[in-house]
Amino acid sequence: MTSADDFVIQLIQDRGLVSESDVNQARLQVEASDETPESGEDAAIIELLVGKSLVTKPDIVEALADEFNMEVVDLDDIRVSHEALEKLPRDLAQRYHVFPIEIDGHQLELATADPLDVDAIDSLSHVLKITINTRLATREEIETAINQYYEGPQAEGMEGIYGELAEDADLQIELPTGNEEGTKQEEAPIIRYVHMLITEAIKRRASDIHLEPLEKRFRVRYRIDGVLMEVENPPKRLQPSIISRLKLMANISIAEKRIPQDGRIQMKASTKDIDLRVSCLPTVFGESIVMRILDKEGLNLGLPQLGFFSDDQATFERLVSQPDGIFLVTGPTGSGKSTTLYSALNYINHPDRKIITVEDPVEYQMTGINQVQVRKDVGMTFAAALRSMLRQAPNIIMVGEIRDLETAEIAVNASLTGHMVFSTLHTNDAPSAVTRLVDIGVKPFLVSASLRGALAQRLVRRICSNCKKPYVPSPQEVNSMGAAAQGKMTDATFYTGEGCPKCNGTGFKGRLGIFEMFVITEEIQQMIYEGRTLVELRTKAREGGMRNMREDGWRKVFAGMTTVEEVLHVTVSDSIA
């Protein structure tokens, strides 16, 4: 199992994983065997102990990790770097029983099952001319990962599948109509292409996949960090087969091509279970499909990872921890409202609180929270669900969106009877949440009594940490920041991303939020009750210290997190705001 199996046997004995008598019995059984094990007597003893369920291989790995102060890695729960796979050829991975995880500059992270085989790691470091850091995994996990990532569509890449599709211009694929277990991937290039398309999107951190039929080509684009990037397009003649395959996976009618349809795909790609929301829309040149990739990892983000600085984080945590009232997150579609709300729920999700959400659709499933799916076809609207939810005696309610007066009134009444209500609105800034509720039809005195605060947000791209370099901003950039921001940039260092393989040459990797926190004080409550204008509310909030989104953006520029151009792209100036 390792280069010193006798050491492993002694280790698991010392740690109480097996008894001395268990080892002695296994040794006698191995010695009594007619054939000498090829792996050696000690390795055979370990395998026998595992086979008898006296100890598990993960237990042995944990013991070795603790002994050598190493980290254990779960190869089923990581995103493997394509660059790392290219750095370590398959033959070397198999020869030394290691698997590449990621590469960072001049360091390569490897999974190994044998922390004692220092010579192998030294040899690899010499051959690859790179510093190697190791983590522990079982040998079986490493062999599975090698077979999965160095073979099949994951390793073959788009080019191999395109080549296979191009070999036979008359290729016709009969798509499965029921159980697909008998379908061989090598016999169905369309199935392999669709799987590869989704897998590649996951590896590139895309949030959406767009398949758009044009007059003479079938365009495929990924939305990465909010920006659409075109990838290699499949042949136009394969458009019907690819669309049919996706509709089949999403349980959408293949026969219906005249009306919009929605569906959902659950599949395994890059060793991860992923969920995609599928929208199919008829266009002039065929059906356009957009798949939204639901990334559940984003729900576990801490508030600093979302972009909150410590002062805004403290205010946010105080607002969402209130015993009653309404807290609203505002912004346009795609501005990260749902992620912020889920992060808030994650922050306050304790066993002593009952949390119920009503959503359309339920995008993410969260442990410990009761989630209700809106179904208008059977009368389960936001309002109907809210009425029933109140009989469940929840402490906290989350409504996906307040869209009409009926929903707004029930949410307000719930907040006034001792419930904390979270929801979203489509407004341009935080104070506009007040006027939006009044426009819907909620009485100003009810808004005044129930609203605790509103958070407006936008998303900007985060500078790639791998190619981040300081630079001197141009005079135009400095002038665009305005006099107030210029007065705070005395000692600020500006950064930009040069572009590298890790960020696909864009200079950006990931996104973060810029925020406008509108807190309802007693003075603002009185102004809402009196029906004051939006301008008056905003002026009073600014006097109380509220920063607008552009000002919060400048703070993140000065902190080296994003660029001037990104902030200007998603915010409006003080004279307009």
Next item on the list: Among residues belonging to region 533-545 that are under 27 Å from LYS488 (Cα atoms), hydrophobic (A, V, I, L, M, F, W, C) and touching a residue at least 60 places away in the same chain (Cβ under 8 Å), point out the one that is surrounded by the fewest Cβ atoms within 10 Å (Cβ to Cβ).
Entry: LEU537
Next item on the list: Scan region 101-144 for residues that are closer than 23 Å to ASP59 by Cβ and assigned to a strand (DSSP E or B) and report the count.
Entry: 7
Notebook entry, point to check: Just for helices (runs of 4 or more DSSP H) wholly inside region 295-382: which have at least 2 residues that are in contact with a Leu (Cβ under 8 Å, 6 or more places away or on another chain), β-branched (Val, Ile, Thr) and open to solvent by less than 10 Å² (accessible area, probe 1.4 Å)?
Noted result: none
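Which members of region 107-126 meet the condition of being of a type in the set (A, V, I, L, M), open to solvent by 40 Å² or more (accessible area, probe 1.4 Å) and in contact (Cβ under 8 Å) with a residue 12 or more places away in the chain? So that I can check it myself, show each step before the final result.
First pass over region 107-126, keeping only residues of a type in the set (A, V, I, L, M): 108, 110-111, 113, 116, 118, 120-121, 124.
The next check asks that each one be open to solvent by 40 Å² or more (accessible area, probe 1.4 Å); those that pass are 116, 118.
The one that is of a type in the set (A, V, I, L, M), open to solvent by 40 Å² or more (accessible area, probe 1.4 Å) and in contact (Cβ under 8 Å) with a residue 12 or more places away in the chain: LEU116.
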Item checked: All positions within region 113-122 that are under 16 Å from PHE99 (Cβ atoms) and out of contact with any helix residue (DSSP H, G or I) (no Cβ under 7 Å at 6 or more places or on another chain) -> ASP114, ASP117, ILE121
Next item on the list: For residues that are at pLDDT below 85 and part of a loop (DSSP other than H, G, I, E, B), tally how many sit in region 191-231.
Entry: 2
Check: Looking at region 301-329, which of its residues are over 16 Å from the mean Cα position of the chain (by Cα), under 20 Å from TRP554 (Cα atoms) and among the polar types (S, T, N, Q)?
Finding: SER310, GLN313, THR315
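Among the residues of region 67-81 satisfying the criterion of being in a helix (DSSP H, G or I) and under 30 Å from the mean Cα position of the chain (by Cα), which is surrounded by the most Cβ atoms within 10 Å (Cβ to Cβ)? Write out each step before concluding.
Of region 67-81, the ones in a helix (DSSP H, G or I) are 67-68, 75-77.
With under 30 Å from the mean Cα position of the chain (by Cα) added as a condition, the list becomes 75-77.
Values: LEU75: 21, ASP76: 14, ASP77: 10.
Restricting to residues being in a helix (DSSP H, G or I) and under 30 Å from the mean Cα position of the chain (by Cα), the top hit is LEU75.
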Margin query: I'd like the full set of residues that are of a type in the set (Val, Ile, Thr) and free of Cβ contacts under 8 Å to residues at least 40 places away in the same chain, limited to region 403-416.
Written below: THR407, ILE410
Check: In region 449-466, how many are open to solvent by less than 10 Å² (accessible area, probe 1.4 Å) and either of a type in the set (Phe, Trp, Tyr) or over 17 Å from ASP552 (Cβ atoms) (or both)?
Finding: 3
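Out of curiosity, is ARG511 out of contact with any helix residue (DSSP H, G or I) (no Cβ under 8 Å at 6 or more places or on another chain), open to solvent by 40 Å² or more (accessible area, probe 1.4 Å) and within 26 Å of LEU328 (Cα to Cα)? So that I can check it myself, show each step before the final result.
Values: out of contact with any helix residue (DSSP H, G or I) (no Cβ under 8 Å at 6 or more places or on another chain): yes; open to solvent by 40 Å² or more (accessible area, probe 1.4 Å): yes; within 26 Å of LEU328 (Cα to Cα): yes.
In short, yes.
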Note to self: Among the listed residues GLU530, GLU516, identify the single one that is surrounded by fewer than 20 Cβ atoms within 10 Å (Cβ to Cβ) and at pLDDT 90 or above.
What the structure shows: GLU530
Check: Among the residues of region 514-554, which ones are within 23 Å of ALA485 (Cα to Cα), hydrophobic (A, V, I, L, M, F, W, C) and out of contact with any helix residue (DSSP H, G or I) (no Cβ under 7 Å at 6 or more places or on another chain)?
Finding: VAL535, MET546, MET549
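Run down LEU64, LEU49 and say which single residue is surrounded by 17 or more Cβ atoms within 10 Å (Cβ to Cβ), touching a strand residue (DSSP E or B) at 6+ places or on another chain (Cβ under 7 Å), at negative phi and in contact (Cβ under 8 Å) with a residue 24 or more places away in the chain. Lay out the reasoning, then the answer.
On the way: LEU49 fails: touching a strand residue (DSSP E or B) at 6+ places or on another chain (Cβ under 7 Å).
None of the others qualify; the one that does is LEU64.
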Next item on the list: Return only the number of the condition from (1) of a type in the set (Val, Ile, Thr); (2) free of Cβ contacts under 8 Å to residues at least 60 places away in the same chain; (3) closer than 27 Å to LEU537 by Cβ; (4) open to solvent by 10 Å² or more (accessible area, probe 1.4 Å) that VAL399 does not satisfy.
Entry: (4)
Check: Here are some residues: ALA255, ALA188. Which one is of a type in the set (Gly, Ala, Ser), modelled with pLDDT under 90 and open to solvent by 70 Å² or more (accessible area, probe 1.4 Å)?
Finding: ALA255
Notebook entry, point to check: In region 484-498, is there at least one residue being part of a loop (DSSP other than H, G, I, E, B), of a type in the set (D, E, K, R) and either touching a residue at least 24 places away in the same chain (Cβ under 8 Å) or in contact with a strand residue (DSSP E or B) (Cβ under 9 Å, 6 or more places away or on another chain) (or both)?
Noted result: yes
Notebook entry, point to check: What pairs come up if the first residue lies in region 339-355 and is within 16 Å of ALA393 (Cα to Cα), the second is assigned to a helix (DSSP H, G or I) and modelled with pLDDT of 85 or more, and their beta carbons are under 9 Å apart, counting only those six or more places apart or on different chains?
Noted result: ILE355/LEU345; ILE355/ILE348
Notebook entry, point to check: Is it true that SER388 is polar (S, T, N, Q), open to solvent by less than 50 Å² (accessible area, probe 1.4 Å) and assigned to a helix (DSSP H, G or I)?
Noted result: no
Margin query: Quick check on my filter: what residues within region 499-532 are within 30 Å of PHE327 (Cβ to Cβ), of a type in the set (Lys, Arg) and in contact (Cβ under 8 Å) with a residue 12 or more places away in the chain?
Written below: ARG511
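Taking the stated definitions as given, is SER480 among the hydroxyl-bearing types (Ser, Thr, Tyr) and either under 19 Å from GLY307 (Cβ atoms) or surrounded by 17 or more Cβ atoms within 10 Å (Cβ to Cβ) (or both)? Spell out how you get there, then give the answer.
Values: among the hydroxyl-bearing types (Ser, Thr, Tyr): yes; either under 19 Å from GLY307 (Cβ atoms) or surrounded by 17 or more Cβ atoms within 10 Å (Cβ to Cβ) (or both): no.
So SER480 does not fit the description; no.
The values are calculated or read from the model by the stated rules, or taken from the named source; none is laboratory data. None of the values given here were measured: they were computed from a predicted structure. Cβ coordinates were reconstructed from backbone atoms using ideal geometry, including for glycine residues, and neighbour counts include every protein chain displayed. Side chains are part of the model used for accessible areas, which takes the heavy atoms of the whole protein and leaves out ligands, DNA and RNA. Shrake-Rupley method; radii C 1.70, N 1.55, O 1.52, S 1.80 Å.
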